[in-house]
Each structure stands twice: as structure tokens, then as C-alpha cells.
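Enquirer: First the structure, which I've put down as C-alpha cells, then a few questions once you've had a look.
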Amino acid sequence: PQSFFIQYPIYLSLCIVGPTQDDVQAWSGFVESRLRKLVSDMLGKSLPLSKIQLWPKKFNACICDPVAASTLSSSQRANCLTYFIGFVVDKL
């Protein structure tokens, strides 16, 4: 993952949180398909981005803003996944 974060200095993280791990896994396939569609259809064509990539692996942890993470309960922190989309913005 380190090279991904070096190659893409700007990135979006999306954290999925559910009451149980089964709930999170049930949503993960849907979320992955929507993220692929977002990257290929929308973001790459409508924004001034020279590169955009969905990191192909999900992280079994909530990696997000510390303020947002502080609102999660311990059971929610145990039942979450995080996805990343990396960007390189064109110079205007």
C-alpha cells in the first residue's frame, strides 16, 4: 500500500461500518461495484484528473478522519472495511 499513497498524493477513503462482520461483508460487494463505476464512469470523465485508481484491496479497519473515528463504538470499529481511491489532479 505504501507505493499507492506515494503515487497518489490525494486520495479518498470510504469506510463501511456495520453492526456485525456479516453485515459489512454483505455490503462490501455492492460498495466495490459502485466504487468501480464511480471511478470509471464519473470521476475520470468529469473532473480534471490525469490519473485515478481504486486501490484493489480493502482494509479490515476503519481508516478515516480521527474525529469521525472517535464517534464509532468498539463493536463498530471491529466491524468495518475501508476502501481508497487515489487521484492525481491536473494542473489548471
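Enquirer: Mind checking which of Val89, Ile10, Ala61 is farthest towards the positive end of the chain's charge dipole, using Cβ charges of +1 (Lys, Arg) and -1 (Asp, Glu) about the Cα centre?
Expert: Val89
Enquirer: Amide H to amide H, which residues 5 or more places from Leu49 or on other chains are under 5 Å from it, using H placed in the peptide plane?
Expert: Distant-sequence amide H within range of Leu49: Asp90.
Enquirer: Ranked from highest to lowest mean number of other Cβ atoms within 10 Å per residue, what is the order of the peptides 80-90, 3-13?
Expert: 80-90, 3-13
Enquirer: Further question: Can you list the aspartates and glutamates whose alpha carbon is less than 20 Å from that of Lys58, not counting same-chain residues fewer than 8 positions off?
Expert: Filter leaves Asp22, Asp23, Glu32.
Enquirer: I would also like to ask the following. Can you pull out the trypsin sites (Lys or Arg not before Pro) in region 31-90 whose DSSP state is coil and whose Cβ has at most 15 other Cβ atoms within 10 Å?
Expert: Answer in residue order: Lys57.
Enquirer: At 1.4 Å probe radius, can you tell me the per residue accessible area of the chain in Å²?
Expert: Heavy-atom accessible area per residue stands at 65 Å².
Enquirer: With axes computed from alpha carbons, what is the tilt in degrees of helix 21-37 against the longest principal axis of the chain, rounded to the nearest 10 within 0 to 90?
Expert: Tilt of helix 21-37: around 10 degrees.
Enquirer: Now for a separate question. Could you name the aspartates and glutamates whose alpha carbon sits less than 14 Å from that of Lys51, not counting residues in the same chain fewer than 8 places away?
Expert: Counting by Cα, and skipping residues close in sequence, Lys51 has these aspartates and glutamates nearby: Asp41, Asp90.
Enquirer: In Å, the Kirkwood hydrodynamic radius of the chain over pairs of distinct alpha carbons?
Expert: About 14.1 Å for the chain.
Enquirer: With a 1.4 Å probe and every protein chain kept in, tell me what percent of the accessible surface of the chain is carbon plus sulfur.
Expert: Taking all protein chains in place, the chain shows 61 percent carbon and sulfur surface.
The values are calculated or read from the model by the stated rules, or taken from the named source; none is laboratory data. Because the structure is predicted, anything quoted here is derived from the model rather than measured. Note that each Cβ is placed from the backbone with ideal geometry, even for glycine, and that neighbours are counted across all protein chains shown. We work out accessible area using only protein heavy atoms, side chains counted, and drop any ligands, DNA or RNA first. Shrake-Rupley method; radii C 1.70, N 1.55, O 1.52, S 1.80 Å.
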